[in-house]
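To start, the structure itself, in structure tokens.
The values are calculated or read from the model by the stated rules, or taken from the named source; none is laboratory data. None of the values given here were measured: they were computed from a predicted structure. Cβ placement follows ideal geometry from the backbone for every residue including glycine, while neighbour counts extend to all protein chains displayed. The protein model used for the area step is the full one, side chains on, heavy atoms only, and it has no ligands, DNA or RNA in it. Shrake-Rupley method; radii C 1.70, N 1.55, O 1.52, S 1.80 Å.
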Amino acid sequence: MFDSHFALNLQIIVALAFAFLTCSVFHFEFFKTKRISFFLLLAGGFGIKLFMVLQSSYLHGWDEAFHGLVAKNMGNNPFYPVLYKKTFFVHGPDWYDTTIWLHKQPWFLWQMALSIKLLGASAFAVRLPSLIYMCVGIYFVYDIGKKIATERIGFYAALFYCLNNYMNEQLSGSIATDHNDVVFITLILAGIWAFVKHTIEPDKLKYVILIGVFCGTAILTKWLVALIILFCWFWYIVLNNKKEFYRIKLYVSFFKSFFIALAIALPWQIYISLRFPVESKNEYALNGKHMFEAIEGHSGDRYYYYDGLIQQYGYLSPLFCLLGIVLLHKYIRQKSMYYALLISFVFVYVFFTFVVTKMHGFTLPVSFFVFLGFGAIAHRFNEKIAANNRFAGKFLFTILALVFGFISFNLEAIQARHTNWKTAQQGTFWTESESELKEICDYINVTEKDTGYVYFNCDFPGNISFMFETNFVGYARLPSDYDVKTIKDKGYKIAILNRGILPVEIENNKEFKIISIDKFKVIKRDTCYLKSLKFGHFSNDNNKLTCNTNKAKFIFTYFKDGSVQIKTENNSLARIAYEYGGLILLDGTKYYVNERFRFEAITPTVFKIRTSENKYLRSNENGERVITSKFEDSDDFKFMLSQD
């Protein structure tokens, strides 16, 4: 269809989405019936979201796989969130290796569970609720802008929200914390929308109820940041009643919404505290630690969220965010509303700047204010070049708005992340491992009918995806003698995934069922020396290349998929030790992605050795075996196999 690495169905979907969005912008600028423009925008937005949902048929590690697995298990009992549906061993308190899983609040998991129950366990079922939420979010952004400022601001805010690359990648499951953030952001939007409607029609009880419902379910999705809805409302009351803000009667509706939110969110907290006291205590303690510790390495300096603006909204976003916020002051009709929103926006950024644990997603709940600012920029620009209904000015403005919108979508970045377009420049470690595991799971689902097996050698977090894709329990490790005895004592048998070559003692144990797929069929084996043309031979007793006196022979196993395993004669594997900066060590035990190499011929006897992350094996100035990202002829990438 066009020059693309996307599948044909995805090309058609994104082309139709772009067509709908283009028609929506032209219709908005040249016709009076704005409702049609919005429905065209919504249709285009649905296409964009569907395009992102269908980027992969497997779940991404880490977060999406964990969310999907827990949701799948909650389909059997929504009030019993577990990671392992059957526990064979004692697990620790960590959220990534536990039994009772309380790491996230359950609202978004319940909806995932329902989707999986109706459609079966698939990546699409996991992402479907988020697709619906994000499409509904387009309406909320549009209507908030329309109600507090102008319809044009609402329309273009919704357009940029719809096309924003960072938001859409959340939907694809490829960015932490994916669907948890999608649902949370939409519920915050819904709460702000209900609050805006309440300020317009204060006598209508339904908006007071809706504020409480949206705030409560947002708490039940991602905890107390959801109170930003009520925080914004509080400041609106204060700013609107500066001389009498202390009067209790001004807060009657506010407290009604607060207690509704409390009635929705509190029962789950009480339930888990009583049913799972140890696990809930650990999770509440972990939440508190975010304030003072960089949990799981998520740290950053005082400029972390300033840099995050660039990642989330584009290279010029700090300038455009500031400009948009300033312009909003001109267009928002009620200044107390503007300042309430502004105070809430600044508070979130300042608060998380001083919280030690940092993640870019923490500020997304107030992202709608940024998009309203972008809408204000579009509105101001329209006033300047399309005044007096001049056709040429309107046409130019429409083209520019579409260009900036499609640039923010960043189709090129999506193609680079989700396809093999730039495999020579970027690492494929995770995508190759995840797609390969999906292939193995599909094979098991078709061929393996005996449910009495427990699977090992699934890698981590591949075992989480494995348990989602199949109905078996899976562990990352190879089984120890203790594991074998424990599994047998509980009446189960052991199966082992073969993703290449297993240790001899595993391969020769007839009690184990070995599961392999065709791509790992062995083509041939060679036993040779491996020599760098520049620095010397490989040896198996250190990390450096060595002279002829200490060289060692290696067993090279070639597989059907074109990969090669390098193994010592003592059955230890060459692996990339990422924890040591990419050294090549000879202590691997499992054939995983970081133990997989490919030979690229330079001459019939000389070649480069490429890793699964499209890096190359070389030696550094100390003679150490390392990997590097960039290939240059002057570097020592060239190796040869020899019998002598």
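Things to note:
- Helical content of the chain, expressed as a calculated mean residue ellipticity at 222 nm, amounts to -17000 deg cm²/dmol (DSSP H runs of 4 or more residues, -39,500 (n - 2.57) each, divided by residue number, nearest 500).
- Reducing the range 16-90 and the range 278-296 to their Cα centroids gives an inter-centroid distance of 29 Å.
- In Å², nearest 10: area of Ile36 left accessible to a 1.4 Å probe: 90
- Once the 1.4 Å probe is applied to the protein heavy atoms, the chain comes out at 44 Å² accessible per residue.
- Accessible surface comparison of Glu436, Glu621, Glu469, probe 1.4 Å, protein chains only, largest first: the order is Glu621, Glu469, Glu436.
- Isotropically averaged projected area of the range 442-585, using the convex hull of Cα atoms (one quarter of hull area), nm²: 10.6
- Centroid-to-centroid, using Cα positions, the range 184-218 and the range 118-132 are 26 Å apart.
- Neighbour net charge for Pro93 - beta-carbon separation under 10 angstrom, K R +1, D E -1: -3
- Accessible area of the chain belonging to carbon and sulfur atoms, whole % at 1.4 Å probe: 60
- Overall form of the range 1-158 per C-alpha gyration tensor (a/c, 1.5; a/b vs b/c): prolate
- Among 239-252, 502-515, 108-121, 65-78, the order from most to least packed when residues are scored by Cβ within 10 Å on average: 65-78, 108-121, 502-515, 239-252
- The mean of 1/r over all distinct Cα pairs in the range 146-210, once inverted, gives the Kirkwood hydrodynamic radius of 13.4 Å.
- Around Tyr492: net Lys/Arg minus Asp/Glu count, Cβ-Cβ under 14 Å: +2
- Per-pair calculated FRET efficiency, R0 = 35 Å: Val522 and Tyr482 via Cβ, rounded to 0.05: 0.70
- Eigenvalues of the alpha-carbon gyration tensor of the range 217-297, scaled by 5 and square-rooted, set the equivalent ellipsoid semi-axes at 32, 17, 9 angstrom, largest first.
- Only one residue of Tyr246, Pro81, Tyr313 has its Cα farthest out toward the positive end of the dipole of the chain, where Lys and Arg carry +1 and Asp and Glu -1 on Cβ, and that residue is Tyr246.
- Ranked by the mean number of other Cβ atoms within 10 Å per residue, highest first, peptides 561-567, 86-92 order as 561-567, 86-92.
- Given charges at beta-carbon only (K, R positive; D, E negative), |dipole| of the chain in Debye: 1980
- Long-range amide H partners of Ile515 with built H, under 5 Å: Ile496, Leu497, Asn498
- For Val454, the residues whose modelled amide H falls within less than 5 Å of its own, excluding neighbours fewer than 5 places apart on the same chain, are Lys493, Ile494, Ala495.
- Probe 1.4 Å - accessible area at Lys204, Å² to nearest ten: 90
- Accessible surface of Lys490, taken over heavy atoms with a 1.4 Å probe and every protein chain present, rounds to 100 Å².
- Summing charges over all other residues whose Cβ lies under 9 Å from the Cβ of His537, with Lys and Arg as +1 and Asp and Glu as -1, gives +2.
- Relative contact order %, the chain, counting alpha carbon pairs below 8 Å whose residues are six or more apart: 11
- Dividing the Cα radius of gyration of the chain by its Kirkwood radius returns 1.02 for Rg/Rh.
- Over the range 5-54, the alpha carbon radius of gyration divided by the compact-protein estimate 2.2 N^0.38 Å works out to 1.22.
- Long-range tail of P(r) for the range 492-536 (Cα pairs > 17 Å, %): 53
- Backbone HN-Hα couplings from phi across the range 283-299 [Karplus 6.51/-1.76/1.60, Hz, Gly and Pro as x]: 6, 5, 5, 5, 4, x, 5, 4, 5, 10, 10, 7, 5, 6, x, 7, 10
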